[in-house]
Amino acid sequence: MIDERKVLNALLRTKFKVFLHYAVRTLNAGAPLLDNWHLDAIAYQLERVRTGEVTRLIINVPPRHLKSITVSVAFPAFLLGHDPRRRIFGISYSNDLSYKHAADFRTIVESGWFQRAFPNMKIDRAAGGDVFTTRRGFRKATSVKATLTGLGGGVFIIDDPQKPEDAQSEALRNDINQWFSNTLLSRLDNKQTGVIIVVMQRVHLNDLTGHLLEKSQDWTVLNLAAIAEEDERIEVGKGEF
């Protein structure tokens, strides 16, 4: 006889899209996830990050497409479920937004379904926007340009580093771009294997996405434009488009 609970736990551990469904339902009072192919595209790239195939990922997507819940909330929980030793930073343009993502993350990892699927991921302590595991891993919340002196991590998730109105200022754009190049990169525990994910809406030609792509070709880019200006194929799985 099939043990449905064991099957569900296996799916939650191996299929990030299934995990995301449960995360959204947990955060939205049981409301189901309204599925769409763009979530498959994001989930596929995040799985490549988890397995180490990709270490530099940019996801450009318009607002209100579940980018923050998917990338900044559910994915860190999924990562720590698989490896509670991970050291993860969630970074946004404001402390309020970063702490909101951290609170949602904690709601997920404290849920019964998460604890059944990932019994080795246990919270040692939580303070403010920081959650520490019993295996010395963590998810820390902070804001762009906040002090990172003495802090290091293996995964940095930068979610909307700048408000759209601020991106119209050249000085403010340059501040963000220089913060990334001069401060954030130095905080990676390992420059070769450390992960940086930037998820944001495009707000200017010279925003952080534009700056990073101008400086390096090492980034994997998933561009999900609100309006397609030309036909293109978007990968949603290995060899699937």
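The values are calculated or read from the model by the stated rules, or taken from the named source; none is laboratory data. As the structure is a prediction and not an experimental result, all values here were calculated from the model. Reconstructed Cβ throughout: ideal geometry from the backbone, glycine too, with neighbour counts over all protein chains shown.
Details
- Taken as a whole, the structure leaves K145 outside the set of residues that are buried (at least 16 other Cβ atoms within 10 Å of the Cβ), basic (K, R) and within 18 Å of the chain's Cα centre (by Cα).
- Enumeration of residues in segment 24-46 that are more than 30 Å from E232 (Cα to Cα) and of a type in the set (A, V, I, L, M): L27, A29, A31
- Note on segment 162-190: among residues that are outside any helix (DSSP H, G or I) and surrounded by 13 or more Cβ atoms within 10 Å (Cβ to Cβ), the one that is farthest from the chain's Cα centre (by Cα) is P164.
Residue by residue, here is whether (1) more than 15 Å from L12 (Cβ to Cβ); (2) modelled with pLDDT under 95; (3) part of a helix (DSSP H, G or I) holds:
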{"residue": "S72", "(1), (2), (3)": "yes, no, yes"}
{"residue": "A77", "(1), (2), (3)": "no, no, yes"}
{"residue": "L80", "(1), (2), (3)": "no, no, yes"}
{"residue": "P84", "(1), (2), (3)": "yes, no, no"}
{"residue": "F89", "(1), (2), (3)": "yes, no, no"}
{"residue": "D96", "(1), (2), (3)": "yes, yes, yes"}
{"residue": "A103", "(1), (2), (3)": "yes, no, yes"}
{"residue": "T107", "(1), (2), (3)": "yes, no, yes"}
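- Matching residues in segment 191-232 - criterion: being among the basic types (K, R), loosely packed, with under 13 Cβ neighbours inside 10 Å and either closer than 14 Å to I58 by Cα or modelled with pLDDT of 95 or more (or both): K215
- Of all residues making up segment 205-228, the number that are in a loop (DSSP other than H, G, I, E, B) and either over 30 Å from F180 (Cα atoms) or β-branched (V, I, T) (or both): 1
- Residue in segment 82-92 that is buried (at least 22 other Cβ atoms within 10 Å of the Cβ), farther than 21 Å from L39 by Cβ and without any contact (Cβ under 8 Å) to a residue 60 or more places away in the chain present: no
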